[in-house]
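Step one of this worksheet: look at the structure below.
The values are calculated or read from the model by the stated rules, or taken from the named source; none is laboratory data. Everything numeric in this text was worked out from a predicted model, so none of it was measured. Because the Cβ atoms are built from the backbone with ideal geometry, glycine has one as well, and the counts that use them run over all protein chains shown. Quick note on the areas: whole protein, heavy atoms, side chains included, nothing else; ligands and nucleic acids left out. Shrake-Rupley method; radii C 1.70, N 1.55, O 1.52, S 1.80 Å.
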Amino acid sequence: MTTGSSARVEITTAAVRKLLSDPKIFPELPAELDEDTELALDSLGLVWFLHLLGTEHDLVIEPEDELITAFRSIRGITDYVNQAGGRADG
């Protein structure tokens with residue numbers, strides 16, 4: 001699921017919120033959106049989010065069908081990314 005060196009990278013809900021506010025994912029993501037509000041992330045949005053996660057945070061998570069159901073809220077995405085053992089590329 002993840003690749004890279006052994007340096008662990010912790011992602012915050014603020015970092016996830018920033019990535020999700022990309023116009024290719026959610027162009028109008030409200031700043032006051034609660035971290036537990038349910039989101040509807042489509043497959044293209046998921047792939048773009050994972051791309052941004054890799055380019056901005058050096059984390060690689062392979063897109064899988066289960067991610068669409070796991071990525072239901074800002075907190076859910078943050079928890080998944082951190083539990084998946086995201087590693088920084090060396």
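Side notes on the structure shown:
- Near THR37: Cβ cut-off under 12 Å, other residues only, Lys/Arg at +1 and Asp/Glu at -1. The net charge is -2.
- Electrostatic tally near LYS18: other residues with Cβ closer than 14 Å to its Cβ, Lys and Arg +1, Asp and Glu -1, net -1.
- Euclidean distance between Cα centres, region 29-70 to region 8-22, Å: 9 Å
- Heavy-atom surface analysis with a 1.4 Å probe gives region 18-90 a carbon and sulfur content of 51 percent of its accessible area.
- For region 19-62, the solvent-accessible area works out to 59 Å² per residue, with a probe of 1.4 Å and every protein chain left in place.
- Here the simple spin-label model places points 7 Å from the Cα toward Cβ, and for ALA31 and THR13 these points are separated by 1.7 nm.
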